[in-house]
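Written out below as structure tokens is the structure these notes cover.
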Amino acid sequence: MLLQVARGVFRTSAQSVVIALICFVLAMGATGCTIPDTQQHAVSVANLVTTADVRQMYGNPKNLKGILYNQAVGLAFQKAVLAALPWYTSVRPNGKPFESKEREDLTKGRISAVIPDGVAGACEGMPSPLPPITATDPESTFIEVKALNGTLNLAYGQYQILGMLDALSKSPAASSTGPRRAYPSLYLILTADTALSTDIELRGRNWNVLVWVSRVEKLWTGQLQVTPPLCLNCMYIFPDKALPTTSAGPSFSLGNLGKPGAGGLDAPILDDKLVGFPGAPGDTSPNP
């Protein structure tokens, strides 16, 4: 498993990941909350959820076959995560496309937009993907949930991530100015087996787009929680500005597996190079 966390940038050393995550203490987003599984605690790498864990948690109660199963799991996981974001924020799944000339050029005109899983605003004076106050710049934070056993880079999903950074670089927050300016943010929420390529952070740095990363943790109660966001490139974009304390999300469960999502542009999917649910003969062939 490739996780890179150090001074805001993920490294390939598992030991570095352990040190960084243990030192990163979860902060509560709601005053006076005393629920045991959401009290402050160190994040353990061993408790981070993988794509295999997500498959096991959902099972296959509807006996879905092949790619339909992967689509159903991806969509259900996305909805569950978006409803339980840090600072007790809930975001509805997004269906609005945002234009990206970069993606259009690299796909030779086939795909000219991106559809992030969730969309939120940005706020002046608050460098954070989900500020717990009123946003001043709408549609300037893209939230993307990925259940991927592999490497996420700019080219993944037909240049989906590159397209998001491109669209964010032209968002309302991108034209914000002054010492308390707002910044556009790409907020990635990943499974533990999703490795993050450095080209995402570097392109965000070049375009003044903040790149934030959270993982999903399994708590001692069996419920899940989105870990506090870590900024990968804030130190380069505003090196003299202190970052706010970030917060974990509330505990949540995955619930029942729903209907498969529709295929098409940037549809959510569980991507672990397998098709279907393990356990059914002939139902887990490699994903072409």
Look through segment 113-130, keep the residues that are of a type outside the set (D, E, K, R) and more than 16 Å from Ser171 (Cα to Cα), and return whichever of them is modelled with the lowest pLDDT. Met126
Qualifying positions in segment 113-137 - more than 10 Å from Tyr187 (Cα to Cα), in a strand (DSSP E or B) and touching a helix residue (DSSP H, G or I) at 6+ places or on another chain (Cβ under 6 Å): Val114, Ala122, Asp137
In segment 46-66, the residues that are modelled with pLDDT of 95 or more and in a loop (DSSP other than H, G, I, E, B): Val49, Thr50
For segment 116-133, state whether one or more residues are in contact with a strand residue (DSSP E or B) (Cβ under 9 Å, 6 or more places away or on another chain) and on the phi > 0 side of the Ramachandran plot. no
Does Asp193 count as crowded, with 19+ Cβ neighbours inside 10 Å and in contact (Cβ under 8 Å) with a residue 12 or more places away in the chain? yes
Sole residue being at pLDDT below 90 and surrounded by fewer than 20 Cβ atoms within 10 Å (Cβ to Cβ), chosen from Ala20, Ala83, Ala14: Ala14
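Scan Leu224, Leu210 and give me the residue that is among the aliphatic types (A, V, I, L, M), surrounded by 21 or more Cβ atoms within 10 Å (Cβ to Cβ), at pLDDT 95 or above and under 16 Å from Pro131 (Cβ atoms).
Values: Leu224 fails: under 16 Å from Pro131 (Cβ atoms).
Only one candidate passes the filter, namely Leu210.
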Could you tell me how many of the residues in segment 229-288 are surrounded by 20 or more Cβ atoms within 10 Å (Cβ to Cβ), over 22 Å from Leu152 (Cα atoms) and modelled with pLDDT under 85? 2
Filter segment 140-159 down to the residues that are in a strand (DSSP E or B) and hydroxyl-bearing (Ser, Thr, Tyr) and list them by number. Ser140, Thr141, Thr151
Write out, first by first residue and then by second, each pair whose Cβ atoms fall under 7 Å of each other, whose residues are 6+ apart or on separate chains, and whose first residue, in segment 206-226, is farther than 14 Å from Ile143 by Cβ and of a type in the set (Phe, Trp, Tyr) while the second is modelled with pLDDT of 95 or more and not in a strand (DSSP E or B). Trp207/Leu165; Trp207/Ser169
Here is a list of conditions, (1) farther than 25 Å from Pro132 by Cβ; (2) modelled with pLDDT under 90; (3) not in a loop (DSSP other than H, G, I, E, B), and Tyr69 meets all of them except one; can you say which number that is? (2)
Applying the selection to segment 151-163, what residues are within 14 Å of Thr198 (Cα to Cα) and of a type outside the set (Val, Ile, Thr)? Leu152, Asn153, Leu154, Ala155, Tyr156, Leu162
Taking only segment 73-112 into account, find how many residues are of a type in the set (A, V, I, L, M) and part of a helix (DSSP H, G or I). 7
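Is it true that some residue in segment 172-182 is touching a residue at least 60 places away in the same chain (Cβ under 8 Å) and either crowded, with 24+ Cβ neighbours inside 10 Å or within 22 Å of Arg205 (Cβ to Cβ) (or both)?
yes
The values are calculated or read from the model by the stated rules, or taken from the named source; none is laboratory data. Please read these numbers as outputs of a predicted model, since none were measured by experiment. Positions of Cβ are generated from backbone atoms using ideal geometry, with glycine treated the same way; all protein chains shown enter the neighbour counts.
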